[in-house]
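Q: Before I ask anything, here is the structure I am working with.
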Amino acid sequence: MPTPTLTQSIVITLIQCLLVVIFVFVVVPLTVFAERKVLGHLQQRLGSTRVASGHVGFSGWMNRTMWKMGRVPVLSYWRGIPGLVGDVLKLILKEDIMPAKADKFVFFLAPSISMVAAIVVFAAISFVPGTFFTFPAWFPYLGGLPVSGGIADINVGLLWILGVATVGVYGIVLAGWSSNSKYPLLGGLRSAAQMVSYEVPLTLSLLAPVVLAASLNFSEMSSRMATGMPAWALVPQVIGFLLYLTCGFAETNRLPFDMPEAENELVAGFHTEYSGMKFGLFYLAEYINMTVVSALASAFFLGGPWLLPFGLQGLLNPYLPGFLSWFGQPHAIFFVAKIVFLLFTYIWVRGTIPRYRYDQIMAVGWKYLIPLALVNLLLAAVIRCFAV
Amino acid sequence: MRGYASILLLILVAVALPIIILNLSRLLRPSWPSAAKYATYECGIVTTNEAREKFSVRYYLVAVMFLVFDVETVFLMPWAIQMKELAVFGFIELGLFLFLLLFGYGYIWSKGALTWE
């Protein structure tokens, strides 16, 4: 396999960065769309599952024809799409209002920090161990060169992810402070306190996979957790998984830990004064953070790019026809599928569990989750000592 | 080192993104300024005073506790990787470290710092 020159590897890295951005800008709108629809079904909200352009023009004609043929039209699965389009258009076309008393520079800086921190996290996430794909030989300039499954396969991957993800707190605090308004300030303080409180059990729950895998490297950790463990070694990780998911929900400020958007107390929390695309950046950052939390959960607890755990996937190989041979190998598709499932869980929980009170949130985080996470870590250490 | 160079590239791309997005939407969105729009929001009534006032000391407490515990988790990381190699020595060291920390944890709990009124 040819080794790339410096310029070539820069171009390849830029392509990877572009892929990450595309991934984000595909997954986020789809999650917003899915959220409308799933919540619509869970809570019997009629609009978001029915609004459609299915009555006029070509799509209307196709819908009517398929109904006449006795088939459910494909387009009806896409009902609610106008809601998504409306969302996006409104975010882009809305007038940008900055309060006269606000600190102008910080007001602009805050959403940008949130967004940048959310995207930079992807540097250490590898979607598949080793090579993601190889450029075909006819490809100009890059022919025959491999593209790895992650942007940077650094030794301290998990540390990088946790460190950068925490920078997002600055975005929220600065947004609250720079607005120079009471609700955003209170909302910003609250959600910052909540996020830093849950940061501790989150990190502790992720330490258990670190102990078991004896590595901080993202792809090494996910491959050892998926294939290098006996089944029963993963039993304490069920606690770890639930713990991590709980903290992840709190960390991304999602229901039932939805403090920033405690509408009946704080209007809209830290982004009360924001409108237009600056609000849109916060919105984007929140959904990207959800994707990142899901990606970590999927890699460390659900087997990441492996379809089956414990090396069972290799057993499939002899039975797979040629065009399905990728089913026997770890593949980015399985990774993304698990992410999508966890994103669905986010929405599911949002539709099911009501919001906690603020004092309850803080009490649960400090009094229960931290000791539980330490116990889980101890369990993992014992297992690592005697078994793995 | 190449890994960190590519991280730098991603940071550049990520910094460019919000700038591009905000400037693109600037081209598209309307702008009809008026004094009422730029007033600080306060449930529709006239704003009384500055927002940057005193706030509950509990937020400082949370921040301080977070610092202590987060540094703890960072110290746990090297142990977590090298656990098997450090063996008994590592366990005793870590036990001492955690004992001191949990002592403090019990102290702040008994003082009521973990209860939000």
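Q: Select, from B:F99, B:F75, the only residue that is without any contact (Cβ under 8 Å) to a residue 24 or more places away in the chain, closer than 28 Å to A:S126 by Cβ, aromatic (F, W, Y) and more than 9 Å from chain A (Cβ to nearest Cβ).
A: Within the list B:F99, B:F75, the selection yields B:F75.
Q: For the structure I just gave you, tell me whether A:L324 is part of a helix (DSSP H, G or I) and either of a type in the set (G, A, S) or surrounded by 14 or more Cβ atoms within 10 Å (Cβ to Cβ) (or both).
A: Spelling it out, it is not the case that A:L324 is part of a helix (DSSP H, G or I) and either of a type in the set (G, A, S) or surrounded by 14 or more Cβ atoms within 10 Å (Cβ to Cβ) (or both).
Q: If I filter the stretch B:23-47 down to residues being among the small types (G, A, S) and surrounded by 10 or more Cβ atoms within 10 Å (Cβ to Cβ), which single residue comes out as farthest from the other protein chains (Cβ to nearest Cβ)?
A: Residue satisfying both the conditions and the ranking: B:A39.
Q: Of all residues being at pLDDT 85 or above and aromatic (F, W, Y) in the stretch B:97-117, which is farthest from A:I361 (Cα to Cα)? Just the residue, please.
A: The residue in question is B:F97.
Q: Of the residues in the stretch A:330-351, how many are at pLDDT below 90 and more than 25 Å from A:S126 (Cβ to Cβ)?
A: 2
Q: Check A:T246, A:T252 and return the single one that is of a type in the set (V, I, T) and either crowded, with 24+ Cβ neighbours inside 10 Å or closer than 30 Å to B:S31 by Cβ (or both).
A: A:T252
Q: Picking from B:A80, B:A63, B:A113, which residue would you name as being surrounded by 13 or more Cβ atoms within 10 Å (Cβ to Cβ), small (G, A, S) and touching a residue at least 40 places away in the same chain (Cβ under 8 Å)?
A: Among B:A80, B:A63, B:A113, only B:A113 is surrounded by 13 or more Cβ atoms within 10 Å (Cβ to Cβ), small (G, A, S) and touching a residue at least 40 places away in the same chain (Cβ under 8 Å).
Q: Which residues, counting only those in the stretch A:210-227, are within 9 Å of another protein chain (Cβ to nearest Cβ) and under 21 Å from the mean Cα position of the chain (by Cα)?
A: A:V210, A:L216
To keep it simple, each residue is scored yes or no on (1) modelled with pLDDT of 85 or more; (2) within 26 Å of the chain's Cα centre (by Cα); (3) farther than 14 Å from A:W177 by Cα.
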| position | (1), (2), (3) |
| --- | --- |
| A:M98 | no, no, no |
| A:D103 | no, no, no |
| A:A118 | yes, yes, yes |
| A:A123 | yes, yes, yes |
| A:F133 | no, yes, yes |
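Q: Going by what's in this entry, would A:T49 be described as more than 14 Å from every other protein chain (Cβ to nearest Cβ) and at pLDDT below 80?
A: yes
Q: Sticking with this structure for a sec: Check A:S178, A:S148 and return the single one that is in contact (Cβ under 8 Å) with a residue 12 or more places away in the chain, among the hydroxyl-bearing types (S, T, Y) and under 28 Å from A:S219 (Cβ atoms).
A: A:S148
Q: Would the stretch A:188-201 turn up any residue that is within 9 Å of another protein chain (Cβ to nearest Cβ), part of a loop (DSSP other than H, G, I, E, B) and over 19 Å from the mean Cα position of the chain (by Cα)?
A: No.
Q: Of all the residues that make up the stretch B:48-65, how many are facing chain A (nearest Cβ under 8 Å) and either touching a strand residue (DSSP E or B) at 6+ places or on another chain (Cβ under 6 Å) or farther than 15 Å from B:T115 by Cα (or both)?
A: Count: 4.
Q: Take the stretch A:84-95 and flag every residue that is crowded, with 17+ Cβ neighbours inside 10 Å and at the interface with chain B (Cβ under 7 Å from one of its Cβ atoms).
A: A:K94
Q: Applying the selection to the stretch A:1-18, what residues are within 11 Å of chain B (Cβ to nearest Cβ) and either among the small types (G, A, S) or part of a helix (DSSP H, G or I) (or both)?
A: Passing the criteria: A:L6, A:S9, A:I10, A:V11, A:I12, A:T13, A:L14, A:I15, A:Q16, A:C17, A:L18.
Q: Please determine, by comparing only the residues of the stretch A:329-359 that are in a loop (DSSP other than H, G, I, E, B) and in contact (Cβ under 8 Å) with a residue 12 or more places away in the chain, which one is nearest to B:W116 (Cα to Cα).
A: In this case the residue turns out to be A:Y356.
Q: Within the stretch A:282-304, is even one residue in a loop (DSSP other than H, G, I, E, B), buried (at least 19 other Cβ atoms within 10 Å of the Cβ), of a type in the set (A, V, I, L, M) and more than 23 Å from the chain's Cα centre (by Cα)?
A: no
Q: Let me ask something else about it. From the list B:I81, B:I20, pick out the single residue that is in a helix (DSSP H, G or I) and facing chain A (nearest Cβ under 7 Å).
A: That would be B:I81, the only listed residue that is in a helix (DSSP H, G or I) and facing chain A (nearest Cβ under 7 Å).
Q: Name every residue in the stretch A:144-187 that is outside any helix (DSSP H, G or I) and hydrophobic (A, V, I, L, M, F, W, C), in order of residue number.
A: Across the stretch A:144-187, the qualifying residues are A:L145, A:V147, A:I151, A:A152, A:I154, A:V156.
The values are calculated or read from the model by the stated rules, or taken from the named source; none is laboratory data. All of these numbers come straight from a predicted model, not from anything done at the bench. Every residue, glycine as well, gets a Cβ built from its backbone with ideal geometry; the counts of neighbours run over all protein chains shown.
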